[in-house]
Amino acid sequence: MVSKPHGGKLVNRIVAGKRREHLLSEAMELPKISISYERVIDIMDIAHGAYSPLEGFLTQEDYIHVLYDMRLSNDLPWTIPIVLDVDPSEISGLEEGDDVALVYNSKPIAIMKIEEIYGWDRKEFARQVYKTVDPGHPGVSKTYALKELFIGGPIDLLNDIKHSLEHRILWPIETRILFREKKWRTIVAFQTRNVPHRGHEYVQKAALTFADGLLIHPLIGWKKTGDYRDEVIFAAYEALIKHYYPKDVVVLAGLLMNMRYAGPREAIHHAIVRKNFGCTHFIIGRDHAGVGNYYGPYEAWEIFQEFPDLGITPLFIREAFYCRKCGDMVNEKICPHSEEHRVRISGTKLRKMIREGKKPPEYMMRPEVAEVILSFDNPFVI
């Protein structure tokens with residue numbers, strides 16, 4: 001059965017019809033705050049229900065609870081602070097209770113009611129969310145670049161931003177309808193920011209053996225330099241699904257959301273978001289949402305012990321490797337052979353091969369997938 005949204009109700013902060021016309025007119029007269037593209041994405045995730053139960057940016061009480069308890073003030077699990085940063089000069093003359101227009105490239109995106117204006121500590125944010133204060137961590141670096149104050153309060157979305165891969169994006173209301181139409185009762189989600197190799201395929205198919213359907217959910221949004229471009233990921237997955245999956249067991253849809261590289265906390269966040277999309281199960285990868293050596297290989301598995309009330313079932317499927325003796329993709333639980341027979345699939349090695357224009361061996365990546373990736377002049381984010 002399609003899962004209930006986090007908090008019990010799917011949030012909808014999208015304004016339509018005459019009310020939208022009225023608020024658009026009002027936005028022209030309101031004080032304005034310019035926001036980044038990343039904050040636009042957060043607003044869209046809030047408005048479309050991907051971040052249910054959030055109806056806006058966190059106020060201070062919720063922010064502090066999320067930072068230290070990994071829960072909202074009502075005790076509902078929530079691990080990533082969704083915040084809107086401003087300079088004091090941007091809100092000069094504004095008070096709590098005022099409405100403000102949030103603007104991107106001179107276009108009003110949303111109207112926000114300012115419930116609270118509060119200060120925050122960059123290093124404490126980084127220490128709690130990322131478990132490091134090292135600016136070499138991409139999430140920490142982004143945190144240090146945020147402005148001096150946070151403002152919290154509900155938003156009303158006036159305009160979505162168009163994306164080049166908009167036709168790939170499905171929102172929670174759409175996936176929920178789709179899953180019901182397909183009569184799927186158990187839906188497992190797979191989060192990715194990479195092209196698929198044989199290890200990914202193994203994990204997905206292992207989960208599919210007991211689920212009705214699989215949601216492959218590539219993340220469209222800010223990623224660090226060297227990650228695969230969104231259009232490359234979609235093209236590669238289309239090749240894999242076409243040649244190696246049964247018909248009608250997979251939905252491939254884009255998730256417009258920023259990557260934060262927050263390791264264990266982000267694994268919980270990703271699970272909550274997929275719960276809002278209607279999924280009942282979520283595959284947690286080894287070092288899920290990690291970067292560099294900031295997190296232990298299985299920290300993203302261990303953190304789920306703290307959230308028995310999450311409302312979506314995590315699947316901890318062991319890392320797959322190719323065993324020469326087995327002649328197949330296997331994992332440690334089912335392969336009896338020693339390390340000398342095992343070939344680990346390294347994402348770093350795969351990227352190096354692709355950069356050099358080399359086709360990875362078939363035990364690492366399906367040939368049809370490799371051909372699609374190599375057909376792009378530059379498959380990577382610059």
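The values are calculated or read from the model by the stated rules, or taken from the named source; none is laboratory data. Note that the structure is a prediction, hence the values are computed from the model and not measured. Cβ placement follows ideal geometry from the backbone for every residue including glycine, while neighbour counts extend to all protein chains displayed. Calculation scope for accessible area: heavy atoms of the full protein, side chains included, ligands and nucleic acids excluded. Shrake-Rupley method; radii C 1.70, N 1.55, O 1.52, S 1.80 Å.
Apart from one condition, R13 fits all of (1) free of Cβ contacts under 8 Å to residues at least 24 places away in the same chain; (2) among the basic types (K, R); (3) surrounded by 18 or more Cβ atoms within 10 Å (Cβ to Cβ); the exception is (1). Being open to solvent by 70 Å² or more (accessible area, probe 1.4 Å) and within 29 Å of the chain's Cα centre (by Cα) is a property that K358 lacks.
Can you report the number of residues in the range 143-189 which are assigned to a loop (DSSP other than H, G, I, E, B) and touching a residue at least 12 places away in the same chain (Cβ under 8 Å)? Qualifying residue count, the range 143-189: 17. If you check K275, K333, K325 for being basic (K, R), surrounded by fewer than 18 Cβ atoms within 10 Å (Cβ to Cβ) and either closer than 30 Å to E174 by Cβ or at pLDDT 95 or above (or both), only one passes: K325. Pairs meeting the criteria (first residue in the range 190-202 and within 22 Å of W222 (Cα to Cα), second residue at pLDDT below 95 and among the aromatic types (F, W, Y), beta carbons under 9 Å, at least 6 apart or on different chains) are R193/Y228; N194/Y228; V195/Y228. One residue stands out among those in the range 83-100 that are in contact (Cβ under 8 Å) with a residue 12 or more places away in the chain and part of a loop (DSSP other than H, G, I, E, B): the one that is farthest from the chain's Cα centre (by Cα), which is G93. Which residues, counting only those in the range 1-25, are at pLDDT below 95 and either farther than 30 Å from E181 by Cβ or hydrophobic (A, V, I, L, M, F, W, C) (or both)? Result: M1, V2. The condition of being outside any helix (DSSP H, G or I), open to solvent by less than 10 Å² (accessible area, probe 1.4 Å) and among the aliphatic types (A, V, I, L, M) holds for only one of I80, I46, that being I80.
Scanning the range 280-296 for residues that are open to solvent by 60 Å² or more (accessible area, probe 1.4 Å) and free of Cβ contacts under 8 Å to residues at least 40 places away in the same chain yields R286, N293. On the stretch given as the range 149-197, residues that are on the phi > 0 side of the Ramachandran plot and crowded, with 16+ Cβ neighbours inside 10 Å total 1. One residue stands out in the range 237-271 among those that are closer than 21 Å to H167 by Cβ and of a type in the set (D, E): the one that is least open to solvent (accessible area, probe 1.4 Å), namely E238.
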